Structures are given as C-alpha cells and as structure tokens.
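Data block below; observations after.
The values are calculated or read from the model by the stated rules, or taken from the named source; none is laboratory data. Please read all numbers here as calculations on a predicted model, not as lab measurements. Positions of Cβ are generated from backbone atoms using ideal geometry, with glycine treated the same way; all protein chains shown enter the neighbour counts.
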Amino acid sequence: MAAGPVEIRQLVRQLLRHRGLLDNIYGTTNLTTVQCHVLIELEHAPLSASELATRLNIDVANANRTLAILINNDNVQSHASPESAQPTYALSDTGRTRLREHHQGINQQIARYLEQLDSDEIETLSRSLHRYNRAMSQSELQNGYTVRPLEPADNAAIATVIRKVSAEYGLTADKGYSVSDPTLDVLSESYKADNAAYWVIEKDGKIWGGGGIAPLAGEDNVCELQKMYIRPELRGKGFARRLAATAMKFAREKGYTACYLETTACLKEAISLYESIGFQHLDAPLGDTGHCDCEVTMLKRF
C-alpha cells in the first residue's frame, strides 16, 4: 500500500530529528539553522534582506534579525547598494571560513549515512528528494486551482481547451487526433463507466485543462491515458504531472496492470514528462485507438 500524508509527515519528522534540526544549534560551528542557511545563500552572491527572506521562505524581520547577529559576530558584511535603497550583505572572510568548516562537518555526517546504502539506493534517494522538492514548489504555483472530476456542465469548456491547444500544435481533425473525436462536445459521457475517469483543472469557474483514463480497446487490463490538454498560461506549473499522477493512482486502484498512451513527436515536453514518470517507448501501437497519426507509443507497467 502506498504511503500517505501521515506516513510522509512521520518520515520527515524523523529526518529532522536525526539531522539535529530541532536543536537551536545546527552542526559543529555554533550556528543556528537559519544562520547556516543565510551564510549558504550569501556564499554565491551578495543579497538584500528581502531577497534572503524570499529564498529562505522566512519573513523579512527574521532575515534582518539573523543578519544583525551575523554582522555582530563578524560573519557578514553590509554594503550600500547604489541601485537600491536596501543594503546588500556578503560573507566576510571569517564567515567564509566558518561556512567552509560547517560544510565539511555536515558533508562528513551525510557521507556516513550514505555508507549504509548501496549505489542504486542512493540514486533512488536523490531522485525522490528532487521530485519531492519539485512537488512542493509546484504545489505553491498551483494555489487557487482545483483538480476535480469532469462534470457535464464542463463539456463545452473542456472541448474549447482541447480544440485551441490542438490548433496551437497543428493537431488537426483530419489526422485522427483527439480533436476529431465525435464525442468531444459531450466528453463526460465517455467517462461514466466505473473504470474510467476524466479530471479538469478549474479556477473561479474557468476550465484550464484536463486529462483522463479509460480502458484501452482491444487489450485486457490495460488503460489508456487520454486527452491531456492544458492551456499555455498554466504550463510549467506542474499541472500535467499532477493530472498524470492522479490518473496513475486511479488506474492502480481499478486493477489495471499497465497504462498506454499515444502522442506525437512535436509534443516534446509531454514526452519528457511521460518518460520521467516511467512510461517506456514501444516499437508498435497497442489496441485500437484510431489515432492513425500518433507515431509515439508508450507504456507504463504497474
């Protein structure tokens, strides 16, 4: 059974405890966690207090208090900026030495942890942490939007999105792409079965995109990822990955053993996404989709 929010929270708490991040002093250089992170950011370039606050996701007052302490301890220097009313802050020689000692100590500690893992486990850990960090960032970009099941009242709006995005990429109806589907204007009718579903992205009553899952015609226990279309304003915010993840979870719950998709080479970003979530390229199409011009075929096994 897949881990849920409660288990993930528990694992994160354990990680923080093991790393000593609940203590006021972090590492061996007598610095707090926030002070360490301020020095690390200033290691790359001088920054203002507001820039530090944004990067560290803390309030400006906290950033200013931390900078005042670091200046008093001769770790940071303040510089007047001719381009801005705000001063910028940079590491002093003492700060650089102290930060170097901090890096060495923490890196040695992490190296000892990694000695308990094999190379493939380390690679899996690194990849998973990258994805978790990206998920947190994308979640913030998606504030205010809802991903929910398609309703009959959404039919006209999602049909418009599919037609506009298809036209953007030259995916015309005469070539057998989704835009040629005769049920496009009543899409909710195609996903009424228990083993099918379609989700839309909605904000303030406006539909911005969608994607769905349905059985693959001609193949047992295989579903098809269908009609993944997102308006250009929302691209780069992680919505395609969120829709795909929602669809894959649904497919597993319904007992499918694999998920199939067809797309076209001009949709390079979509293909990269599918590859990143475990879809593999096939030499020939599966089932009977009717998409005669979709030359890229992929499959993800569960």
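Quick notes
- Whether a residue is in contact with a helix residue (DSSP H, G or I) (Cβ under 9 Å, 6 or more places away or on another chain) and buried (at least 17 other Cβ atoms within 10 Å of the Cβ) was assessed, and ILE122 does not pass this test.
- Per the conditions (1) modelled with pLDDT of 90 or more; (2) under 24 Å from SER190 (Cβ atoms), the sole criterion not satisfied by LEU171 is (1).
- A Cβ distance below 8 Å, combined with a sequence gap of six or more or placement on separate chains, defines the contacts here; from segment 77-106, residues that are free of Cβ contacts under 8 Å to residues at least 24 places away in the same chain and assigned to a helix (DSSP H, G or I) reach residues that are surrounded by fewer than 14 Cβ atoms within 10 Å (Cβ to Cβ) and among the charged types (D, E, K, R) in the pairs THR94/ASP74.
- The strands (runs of 3 or more DSSP E) located wholly in segment 202-268 that include 1 or more residues which are surrounded by fewer than 16 Cβ atoms within 10 Å (Cβ to Cβ) and among the basic types (Lys, Arg) occupy 206-215.
- The set of residues in segment 72-111 being among the charged types (D, E, K, R) and touching a helix residue (DSSP H, G or I) at 6+ places or on another chain (Cβ under 6 Å) consists of ASP74 alone.
- A single entry from ARG148, ARG131, ARG127 fulfils the requirement of being of a type outside the set (S, T, N, Q), in a strand (DSSP E or B) and under 30 Å from ILE201 (Cβ atoms): ARG148.
- Count of segment 38-79 residues, restricted to those that are under 13 Å from ALA90 (Cα atoms) and touching a Gly at 6+ places or on another chain (Cβ under 9 Å), is 8.
- When ASP59, ASP23 are screened for being in contact with a Ser or Thr (Cβ under 9 Å, 6 or more places away or on another chain), exposed (fewer than 14 other Cβ atoms within 10 Å of the Cβ) and either under 26 Å from ASN107 (Cα atoms) or not hydroxyl-bearing (Ser, Thr, Tyr) (or both), only ASP23 passes.
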